[in-house]
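Input: a single structure, listed below in structure tokens.
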């Protein structure tokens, strides 16, 4: 009885408004995934079913993780990060290559992408390292340590190569650094280092696929039937939705397979085509509400580590959302970044809900 009583008390202390916004975004994605199968000549609901299973696992994690004290994650942040880093090394050796990226473990038809766990573990570790600098000008030693941690991670991610995830991880580090560090000369030195890193990545780490995506973005009409095909079809899908959309399962771009990877990278284009401007505005409003809820929680948090954890996850979600939507409407190059909580992918959904569970645990502590 004691366990169930603690579980009931824990559930009552959840931030149900944040959880409701999270679940509405997930429902949007599941509805879009379902719509991609209903009008097929041979409908297969495998992806729809897998996403539901991932949602069930993620919700269990939200409940379990939210009951854990935040100091547990602070104490073991280094171990979590080393474990995630080990998975990145193993996936380079034993992983499966999908769309030119060696970033998945595939066992019995079930795929798992370890970089999604790396995103969570890096936020926890950077928050722990930066927490000592909170309210101070900032030391070069902490800047150097966090830079080494981030660069090692980026190196392993770029070797896959997964440029999109690497840029997201870099954004998390830069966002937390600018939030905490207040030494102008260190930041200028950092800027010079980033310029050198970009040049190194372009000439050494990036492959032909990454070069093509960037060059196609700069000149979309250079090869509209090959390198520019994805971006062109996505823009057409978004524009063809008009005000109220074509209806679920009735979008010609997505239903007739003109739009590549509609359930993952281009899920927003599917929603825009089938639900129109109104549906696009609704999902954008849900993301804005989700982020505003996190900002409201930030204003209440007093512990520096908890503050930085929420800030890190806010940056993580915001960057992924902004980049995914922007690439769907042709504002940035195609990077392969999923739309958090919406795109198809069990690894991404479970990792996102894990992050929400950690945030809920912090919210419970602040409420108590």
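Before moving on, here are some points about what is shown:
- Within region 270-285, the set of residues being crowded, with 19+ Cβ neighbours inside 10 Å, over 23 Å from residue 336 (Cβ atoms) and touching a helix residue (DSSP H, G or I) at 6+ places or on another chain (Cβ under 8 Å) comprises 275, 279.
Results for (1) part of a helix (DSSP H, G or I); (2) touching a residue at least 24 places away in the same chain (Cβ under 8 Å); (3) at positive phi, shown as yes or no for each residue.
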| position | (1), (2), (3) |
| --- | --- |
| 53 | yes, yes, no |
| 65 | yes, yes, no |
| 68 | no, yes, no |
| 74 | yes, yes, no |
| 78 | yes, yes, no |
| 82 | yes, no, no |
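- Among the conditions (1) closer than 18 Å to residue 21 by Cβ; (2) out of contact with any helix residue (DSSP H, G or I) (no Cβ under 6 Å at 6 or more places or on another chain), residue 331 misses just one, which is (1).
- Taking the conditions (1) surrounded by fewer than 18 Cβ atoms within 10 Å (Cβ to Cβ); (2) in contact (Cβ under 8 Å) with a residue 12 or more places away in the chain; (3) assigned to a helix (DSSP H, G or I) in turn, residue 105 satisfies each one other than (3).
Here is a yes/no grid of residues against (1) surrounded by fewer than 14 Cβ atoms within 10 Å (Cβ to Cβ); (2) more than 30 Å from residue 152 (Cα to Cα):
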position: 25; (1), (2): no, yes
position: 36; (1), (2): no, yes
position: 55; (1), (2): no, yes
position: 63; (1), (2): no, yes
position: 67; (1), (2): no, yes
position: 71; (1), (2): yes, no
position: 77; (1), (2): no, no
position: 81; (1), (2): no, no
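- Residue within region 308-330 that is buried (at least 22 other Cβ atoms within 10 Å of the Cβ) and not in a helix (DSSP H, G or I) present: no
- Residue check for residue 118: under 19 Å from the mean Cα position of the chain (by Cα) and in contact (Cβ under 8 Å) with a residue 40 or more places away in the chain: yes
- Annotation for region 255-269: at least one member residue is under 23 Å from residue 340 (Cα atoms), in a helix (DSSP H, G or I) and either at pLDDT below 80 or out of contact with any helix residue (DSSP H, G or I) (no Cβ under 7 Å at 6 or more places or on another chain) (or both).
- Each residue in region 108-152 was checked for being assigned to a helix (DSSP H, G or I) and in contact with a strand residue (DSSP E or B) (Cβ under 7 Å, 6 or more places away or on another chain), and 1 of them qualify.
- Residue 181 falls short on exactly one of the conditions (1) surrounded by fewer than 19 Cβ atoms within 10 Å (Cβ to Cβ); (2) under 23 Å from residue 70 (Cβ atoms); (3) modelled with pLDDT under 90, and that condition is (1).
- Some residue of region 294-303 being touching a strand residue (DSSP E or B) at 6+ places or on another chain (Cβ under 8 Å), in contact (Cβ under 8 Å) with a residue 40 or more places away in the chain and not in a helix (DSSP H, G or I): no
- For beta carbons closer than 7 Å, sequence separation of 6+ or different chains, a first residue in region 318-346 that is on the phi > 0 side of the Ramachandran plot and in contact (Cβ under 8 Å) with a residue 60 or more places away in the chain and a second that is outside any helix (DSSP H, G or I) and crowded, with 24+ Cβ neighbours inside 10 Å, the qualifying pairs are 336/265; 345/338.
- Matching entry among 234, 240 (being over 26 Å from the mean Cα position of the chain (by Cα), modelled with pLDDT of 80 or more and within 19 Å of residue 275 (Cα to Cα)): 240
The values are calculated or read from the model by the stated rules, or taken from the named source; none is laboratory data. Predicted model only: the values in this text are computed from it and were never measured. Because the Cβ atoms are built from the backbone with ideal geometry, glycine has one as well, and the counts that use them run over all protein chains shown.
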